[in-house]
Amino acid sequence: MLGVEQGSGQTVIAGLRAIDCDVHPRLPMEADLSPYLDSYWREMFDYRGINRLELMSYPVSTLPYRRPGYEKAAEDAASLGKALLDPLDLSAAILNVISGAHAAYDPYLATVLCEATNRWIAAEWLDVDPRLRGSLLVPFQNPEAAVREIEKYADDRRFVQVLTIVMGDHPLGQRIYWPIYEAMARNGFVLGIHPGSSYRHAPTQCGFPSFRVEEMVGQSQVFASQVASLVAEGVFGKFPDLKVVLIESGVSWLPGLMWRMSKDWKGARIEVPWVQEPPAQVVARHVRLTVQPFDSPLEAREVEWIIEHLGSEDMLLFSTDFPHRHRGELNDWPVMLPARLAPKIACDNVLATYPRLEVRR
């Protein structure tokens, strides 16, 4: 059964055996991570007063509200299964922990935070529900340690991607990160980029915004900068099997970037001889986007045009962004997204993107 039509014309997810590419468990607190720390770092966490707020790399005031009735749904794996995986009949869900480890100045603290969070996810979530998959946290501030963490989990195929934030210390295409990408590509990991900030740089060219509406608009510009960096620096030429998933970035901004970068590349390609084809083709082959929140125009035909301008129906991946609240019911297909694409976006595209992802169908 491939889902049914509701009165609103939206496709019900249950029945598709969908794979959710963006689910947020609760942020771990000191008490959660303590069992996965050695005695020195347990003492240091207490000494520095590190707890839940210090582990956040996104301002609490700008996070979407949680869905009513789901306040405790992401507290543990069992609750998440009852609230999300069971009702939607998901075959898998990828957990994304947006940790303040990305913002730590201390590279050793960042490394320990990542290591402890990965152990916590494996033991408290992945071991509990076989449908759950993990996004690996690695310290981009410490590429050598990041490579070691990737190698450590190379044989644990429940971890399917490496997660980072869109506003970190450097453009993600720069060579400082290439050892991380080499280890990822060699072991089949995807790079997931999620909204979030280390607060070293403002999301606009003239400073930090005051309101969430400005922040949301600015985020799409930062995602565009990161895609341009990955293409122009030659990451995809160096690592031809690497896939990048833009999580919660929206969709409608990308065709414009693909067109403009391809146009400007024609006149400036002498500066980037390693980019040997139009950037739009590179992006279509390597970049994927989750569909929630979906920045939908009001007309269904306009959404079809956006997909046409992307140049590929393979670029969209199903997500709920659970437990954050968006338009419609949890079981609804995103507004105006063509229902004919539901099986492909919910399953086929996801499996084609994540080589480490294995699910029972």
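Values quoted throughout were computed directly from the atomic coordinates according to the rules given, and no laboratory measurement underlies them. Nothing here was measured: the structure is a model prediction, and the numbers come from that model. Cβ: placed from backbone, ideal geometry, glycine included. Neighbour counts: every protein chain shown.
For the stretch 199-260, run through the GluC sites (Glu not before Pro) and keep only the ones in DSSP coil with at most 14 other Cβ atoms within 10 Å of their Cβ.
Details: sites: 214, 215, 233, 248; in loops: 233, 248.
Taking the stretch 199-260 and a limit of 14 other Cβ atoms within 10 Å, no loop GluC sites (Glu not before Pro) are found.
Using 0.36 nm per residue of separation minus the Cα-Cα distance, give me the extension gain between residue 332 and residue 300 in nm, one decimal.
On the way: separation 32, 0.36 × 32 = 11.52 nm, distance 1.58 nm.
Gain on stretching residue 332 to residue 300: 9.9 nm.
Inter-label distance, residue 213 to residue 175: 4.5 nm, where each label sits 7 Å from its Cα along the C-beta direction. Here is what passes the span test in the chain: the DSSP H helices with alpha carbon length of 18 Å or more along the helix axis and a Kyte-Doolittle mean of 0.0 or above are 107-121, 212-232. Since only 265, 306, 176 are under comparison, the one whose Cα sits farthest along the positive direction of the charge dipole of the stretch 19-353, derived from C-beta charges on Lys, Arg, Asp and Glu, is 265. Scaled to the globular estimate 2.2 N^0.38 Å, the Cα spread of the chain, given as radius of gyration, is 0.95.
For the stretch 224-301, go through all pairs of different Cα atoms, get the mean of 1/r, take its inverse, and jot down that Kirkwood value in Å. Please list the in-between numbers first.
Details: mean 1/r = 0.0753 Å⁻¹.
Kirkwood hydrodynamic radius for the stretch 224-301: 13.3 Å.
The stretch 283-355 and the stretch 207-277 have Cα centres lying 19 Å from one another. Counting lysine pairs in the chain whose alpha carbons fall under 26 angstrom apart, excluding pairs fewer than 8 residues apart on the same chain, gives 9. Anyone know which of 338, 28, 195 comes out most mobile in the 10 Å Cα GNM of the chain? Of 338, 28, 195, the Gaussian network model singles out 338 as fluctuating most.
Diffusion of the stretch 156-251 by Stokes-Einstein, at 4 °C in a medium of 1.567 mPa s and with Rh set to the Kirkwood radius over alpha-carbon pairs, works out to 92 µm²/s.
Of the beta bridges DSSP finds with both residues in the chain, what % are antiparallel, to the nearest 5? Before the final figure, lay out the partial values.
Values: 5 of 30 bridges.
Bridges in the chain are about 15 percent antiparallel.
Here the stretch 19-353 is assigned +1 on the Cβ of each Lys and Arg and -1 on the Cβ of each Asp and Glu. Its dipole about the Cα centre then comes out at about 540 debye. Taking the charge dipole of the chain about its Cα centre, with +1 at Lys and Arg Cβ atoms and -1 at Asp and Glu Cβ atoms, the residue from 254, 27, 153 reaching farthest to the positive side is 254. Considering only 34, 220, 135, give the residue with the highest GNM mean-square fluctuation for the chain, with springs between Cα atoms whenever their separation is below 10 Å. Highest fluctuation among the options: 34.
Arrange 167, 315, 216 by Cβ neighbour counts within 10 Å, fewest through most, would you? Display every interim value, and only then the final one.
On the way: 167 25, 315 22, 216 18.
With the sparsest Cβ surroundings first, the list reads 216, 315, 167.
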